[in-house]
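Derivation of every value follows stated rules applied to the coordinates shown; laboratory data play no part. It should be emphasised that the depicted structure is a prediction, and the values quoted were computed from it without experimental measurement.
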Amino acid sequence: MTATDGTVGKALDVLEKVAERDRPVRFSDLLAESELPKATLYRLLQTLTNQGMLRHDAETGAYSLGVRLVRLAHRAWSTASLAPLARPHLDALARQTGQTIHLAQLDTAQVLYVDKRSAETPVEMFSQAGKIGPAYCTGVGKTMLAFLPVDQQDRLIQQQSFHAFTDQTLDTPERLRAELVAIAARGHGYDREEHEPGIICVAVPILSAGGRVLGGLSVTGHKDHVALATLEGHLPALKTTARAIAEDAADWAFPERGSEAVMTRREEDTCRESG
């Protein structure tokens with residue numbers, strides 16, 4: 001949240017704190033993690049509950065996500081996510097490869113897994129649809145970063161929280177930048193056990209006709225079950241699928257020219273003056 005986000009930004013931060021938990025959370029637990037004054041936190045929780053974004057259990061005193069938020073999340077998934085239109089393409093790719101398939105999009109500086117198909121021999125791994133992962137040490141994350149405009153790429157690299165998950169993690173901006181140059185040159189990226197021990201993948205970007213990054217697509221496995229060279233053999237199918245998803249996304253929720261949907265600085269100033 002930035003200093004200009006005000007009350008809305010604070011409320012969204014509180015909402016995210018509740019959403020991060022796998023179970024309902026009490027006020028005392030939220031207060032212990034929050035930098036907000038007790039009265040402010042309580043007021044925001046009350047507002048979010050009144051608006052249906054949170055649910056408060058009077059018996060236990062715990063907060064959980066509200067039905068209204070669930071409706072909004074479902075709507076966002078269906079209109080702003082690649083998942084619905086990509087579903088048949090992912091099904092076909094999973095049948096063809098027999099491996100785990102991931103579809104992801106960038107969520108600010110992180111990776112949001114929006115859909116997944118499990119391998120014929122399932123492997124336990126971090127990624128699940130709806131989960132957020134690090135961009136700097138996942139195949140889809142690095143691949144999407146590699147094809148961003150330089151200024152946007154630089155900004156997102158600065159926002160990474162570099163941590164060595166394994167001995168293979170690229171845990172500095174310098175190592176990551178060198179990898180992104182290599183990915184952009186060859187057109188695809190790898191995860192060489194950089195996020196989870198044993199987990200490897202080959203990833204490609206999903207690009208609009210104008211080269212804008214819409215998402216990332218990967219074929220993933222465990223090194224004990226499949227070799228990286230075998231996953232590389234699926235690159236033609238990966239690239240074909242990525243192109244098909246991009247074609248379906250054209251002129252839908254991802255128009256090539258997004259300027260019409262975004263306020264210009266002048267329009268924002270006009271709104272402030274009139275509001």
Checklist line | Whole-Hz ³J(HN,Hα) from phi, Karplus 6.51 cos²θ - 1.76 cosθ + 1.60, for region 97-106, glycine and proline x | finding: 8, x, 10, 6, 10, 10, 10, 9, 9, 7
Notebook entry, point to check: Contour minus end-to-end for Phe27 and Glu232, with contour as 0.36 nm per residue of separation and end-to-end as the Cα-Cα distance?
Noted result: 68.9 nm
Next item on the list: Starting at the first residue of region 7-24, write each ³J(HN,Hα) from the Karplus equation 6.51 cos²θ - 1.76 cosθ + 1.60 with θ = phi - 60°, in whole Hz, x for Gly and Pro.
Entry: 5, 4, x, 5, 5, 5, 4, 5, 4, 5, 4, 5, 5, 5, 7, 8, 8, x
Notebook entry, point to check: Once amide H atoms are built 1.01 Å from N in the peptide plane, which residues 5 or more positions from Gly215, or in another chain, come under 5 Å H to H?
Noted result: Ile206
Check: Tell me, what HN-Hα J-couplings in whole Hz come from the Karplus equation 6.51 cos²θ - 1.76 cosθ + 1.60 at θ = phi - 60° for each residue of region 54-69, using x for Gly and Pro?
Finding: 10, 10, 10, 8, 5, 6, 9, x, 9, 10, 9, 5, x, 5, 4, 5
Notebook entry, point to check: Lys38: which lysines have alpha carbons under 29 Å from its alpha carbon, excluding same-chain residues fewer than 8 sequence positions away?
Noted result: Lys10, Lys17
Note to self: Under 19 Å between alpha carbons, and skipping anything fewer than 8 positions from Lys142 in its own chain: which lysines qualify?
What the structure shows: Lys116, Lys131, Lys239
Notebook entry, point to check: If amide H atoms are built 1.01 Å from N in the plane of the peptide, which residues on other chains or at least 5 residues away come under 5 Å of the amide H of Arg26?
Noted result: Tyr63
